[in-house]
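Input: a single structure, listed below in structure tokens.
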Amino acid sequence: MSAPVVEARGLGKVFGTGEAETEALRGIDLEIAEGDFVSLIGPSGCGKSTLLRLIGDLVSPTTGTLVVNGKEPRQSRLDRDYGIVFQSATLLDWRSVQKNVELPLEIMDFPDAERPTRAREMLDLVQLTGFGDHHPWQLSGGMQQRVAIARALAFRPALLLMDEPFGALDEMTREAMQQEVLRVWGETGTSVVFVTHSIPEAVFLSTRVVVMSPRPGRISDEIVVDLPPKRDLDTREDPRYFELVIEVREALRRGESGSSGS
Amino acid sequence: MGGANRRVARAGISILAVIVVFVLLWEGYKLIWTAMGWENPVRPDNRTMPHTWDIFLALFQPAQRNGPPFILVELRAALMTLREAFVGFLIGGAVGFGLGVLFVRSTISERAFMPYVVASQTVPIIAIAPMVVVWGGRANLPQWLSVSLIAAYLTFFPVAINTLRGLRSPHPTSMELMRSYASTPSEVLWKLQVPAAMPYIFTALKVSAAASVIGAIVGELPAGLRGGLGRDLLQFSQQFTAAPEKLFAAVLIAGLAGIAFVGLITALEHRWIGANRRLAA
């Protein structure tokens, strides 16, 4: 078994100082193995997005240690070890879809000849073949988010970070996108950290669900999703799926009452 | 391409409509005020308000006895003033853009210099112009360049402010995205911030184009520069009682010069938007 992709020990994050001080995370211990699909779930204010940003070195921890791909998070970011997808697609309006996917490749100095081919491959992967010449505003929300995923995977990172990527999509699109992400995950073998506040989404997608509770944000439970690896419409009707949904829901409730009592 | 032609045609029609309405208002005012014997706020007589057609005809009369027609002389003057304005516009635009980039890169420099940038615009151009002319003369700059520097003084401010706003316009997550790629500050600048700032910068350039023409006209006066619009406007206002239509005609040409410059920038803006939104609509 290879070294974990993410390893956090006693990780904590405090924003602000003095009166305005808020403790976003406390005592986070987390290990994510290579090829894992881990969801971080919890109510708003539980620090799940902050934890994702710590892994991506978009914010720095206040306490504890964090190792990403066997390195300091900063080194891991500088080595372009991860791709990230946000809730909003954050595509650049003045670039075509193709050029948006090529953006990281330009910055990472991929050879001129390789960039278009690779971007096209990625658009094929997210089933947007032929949309390269479109501009972002011509696409639906779901399609824009697919471009964002193609862009995040274009440089073949070992780790994919997703921050509520389908939070702004309608239920139908959302389910289609979940299927899409699972397919892409299966084809690329990338490890995924997926922030969500949807219980069914977390259960459907993940190999493991990390349940978090607020004030201060911490991990209150971890649930291994022992559903078969191949997931489809039938999975959503599998009794085990419902049991796991209930399990996560109860874990969330325990977390909530635990924090209000403290 | 058909779209571009339609746009030009539409612009032409609306300009024509504005002229017709203006002429009607002007002549209507004269007619009614004369008939009623009113004298306020402006006397309707031909000395104070020459007929629009007299102003128009003045354009084609010789500027001096047996000389070329007025319109040719003044268009040549307008060209000279526009050249000074354009050089000033380029200098001011470059300085403004540079300040915007400097300020977005360093909050300390913004805090240190921004108050002076703002304060610079509270000093009237009329007060600045003679100083620039004197200093330019001491430094052996050609006079037209001193005038351009005065135009640049009016140009840099809107460009600096709007560039800064535009460079700050990308959403924080876009900045995080660039950070996740471990991109250098100059990659963030050229691939994200500058393209995002372009609409802001074009707005500033249009304001600055008009301002640079004003700066050049005003700058020509203390510089004592002959052959430009500034000198002519001053001269015609002194001769107003003898030949009022000349001043109006010169003002008309000065206005056209400004409109032409702003129009040029607008055309560039449309090209830029067109190039980036080819597939829109």
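Laboratory data are not the source of any read-out in this text; all were calculated from the coordinates shown. The shown structure was predicted, so the numbers you read here are calculated from the model rather than taken from an experiment. As a convention, Cβ positions derive from the backbone with ideal geometry for all residues, glycine included, and neighbour counts pool all protein chains shown.
Along the axis of the charge dipole computed for the protein assembly as shown (Cβ charges of +1 for Lys and Arg, -1 for Asp and Glu, origin at the Cα centre), the listed residues A:LEU11, B:ILE128, B:GLN143 are led at the positive end by B:GLN143. How big is the Kirkwood radius of chain A, worked out from every pair of different alpha carbons and given in Å to one decimal? Across chain A, the inverse of the average 1/r is 19.0 Å. Cα axis of helix B:107-120 to longest principal axis of chain B: angle in degrees, 0 to 90, nearest 10? It is inclined by approximately 10 degrees.
Computed from the C-beta positions of B:ILE13 and B:TRP190, the FRET efficiency with R₀ = 35 Å rounds to 0.30.
Run through the DSSP bridge list for chain A and note the antiparallel percent, rounded to the nearest 5.
Within chain A, antiparallel bridges account for around 50 percent of the total.
Ranked for footprinting exposure by Cβ neighbours inside 10 Å, fewest first, B:TYR29, A:TYR241, B:TYR181, B:TYR116 give B:TYR116, B:TYR29, A:TYR241, B:TYR181.
Charge tally around B:VAL159: other residues with Cβ under 12 Å, Lys/Arg +1 each, Asp/Glu -1 each, net +2.
Taking amide hydrogens as placed 1.01 Å from N in the peptide plane, the amide H of A:SER220 sits under 5 Å from those of A:VAL211, A:MET212, A:SER213, each at least 5 positions away in sequence or on another chain.
Note on chain B: GNM, Cα springs under 10 Å; of B:LEU24, B:LEU234, B:LEU225, the largest mean-square fluctuation is that of B:LEU24. Across the stretch B:147-209, Cα pairs under 8 Å and at least six residues apart give a relative contact order of 55 percent.
About its Cα centre, the protein assembly as shown has a charge dipole of approximately 2220 debye under the convention of +1 per Lys or Arg Cβ and -1 per Asp or Glu Cβ, with nothing else charged. Plainly put, the stretch B:46-150 has a radius of gyration that is 1.17 times its Kirkwood radius, both from alpha-carbon atoms, as the Rg/Rh ratio. Here the stretch A:98-143 and the stretch B:136-151 have alpha carbon centers that stand 51 Å from each other. Counting other Cβ atoms within 10 Å as a rough exposure proxy, the listed residues A:ILE55, B:ILE214 run B:ILE214, A:ILE55 from fewest neighbours to most. Extending 7 Å from Cα along the Cβ direction at B:LEU141 and again at B:SER237 yields two label points whose distance is 2.4 nm.
Each DSSP beta bridge with both residues in the stretch A:108-262 is either parallel or antiparallel, and the antiparallel ones are about 55%. Sites listed here are trypsin sites (Lys or Arg not before Pro) in the stretch B:22-127 whose DSSP assignment is loop and whose Cβ has at most 15 other Cβ atoms within 10 Å: B:ARG47, B:ARG65. Taking the convex hull of the alpha carbon positions in the protein assembly as shown and averaging its projected area over all directions gives 36.7 nm². Each Lys and Arg Cβ is given +1 and each Asp and Glu Cβ -1; about its Cα centre, the stretch A:81-153 then shows a dipole of about 240 debye. Using the Cβ atoms and a cut-off under 9 Å, what net charge is assigned to the surroundings of A:ARG208, where Lys and Arg are +1 and Asp and Glu are -1? Result for the local shell: -2. Measuring r between the beta carbons of B:LEU252 and B:THR173 and using R0 = 41 Å, the FRET efficiency lands at 0.20. Legend: calculated FRET efficiency, A:SER60 to B:TRP26, from the Cβ-Cβ distance at R0 = 45 Å, rounded to 0.05, equals 0.10.
Which loop-located chymotrypsin sites (Phe, Trp or Tyr not before Pro) does the stretch A:54-144 contain, where loop means any DSSP state but H, G, I, E or B and the Cβ has at most 10 other Cβ atoms within 10 Å?
Of the chymotrypsin sites (Phe, Trp or Tyr not before Pro), not one in the loops of the stretch A:54-144 has a Cβ with at most 10 other Cβ atoms within 10 Å.
When DSSP assigns beta bridges and you keep just the ones with both residues in the protein assembly as shown, what percent turn out antiparallel, to the nearest 5?
50
The convex hull of the Cα atoms of chain B, projected and averaged over all directions, covers 20.5 nm². Here the Kirkwood formula, the inverse mean of 1/r across different C-alpha pairs, assigns the stretch A:116-255 a hydrodynamic radius of 16.3 Å. Here A:GLU31, B:GLU245 are placed in order of increasing Cβ neighbour count within 10 Å, fewest first, which gives A:GLU31, B:GLU245.
Backbone geometry of the stretch B:253-263 corresponds, through the Karplus equation with coefficients 6.51, -1.76 and 1.60 at θ = phi - 60°, to 3J(HN,Hα) couplings of 5, 4, x, 4, 4, x, 4, 4, 5, 4, x Hz, x marking Gly and Pro.
Net charge near A:SER60: determine it from the other residues with C-beta under 13 Å of the C-beta of A:SER60, scoring Lys and Arg +1 and Asp and Glu -1. Don't skip to the answer; put the middle values down first.
Numbers: positive: A:LYS13, A:ARG53, A:ARG74, A:ARG77, B:ARG179; negative: A:ASP57, A:GLU72.
For residues surrounding A:SER60, the net value is +3.
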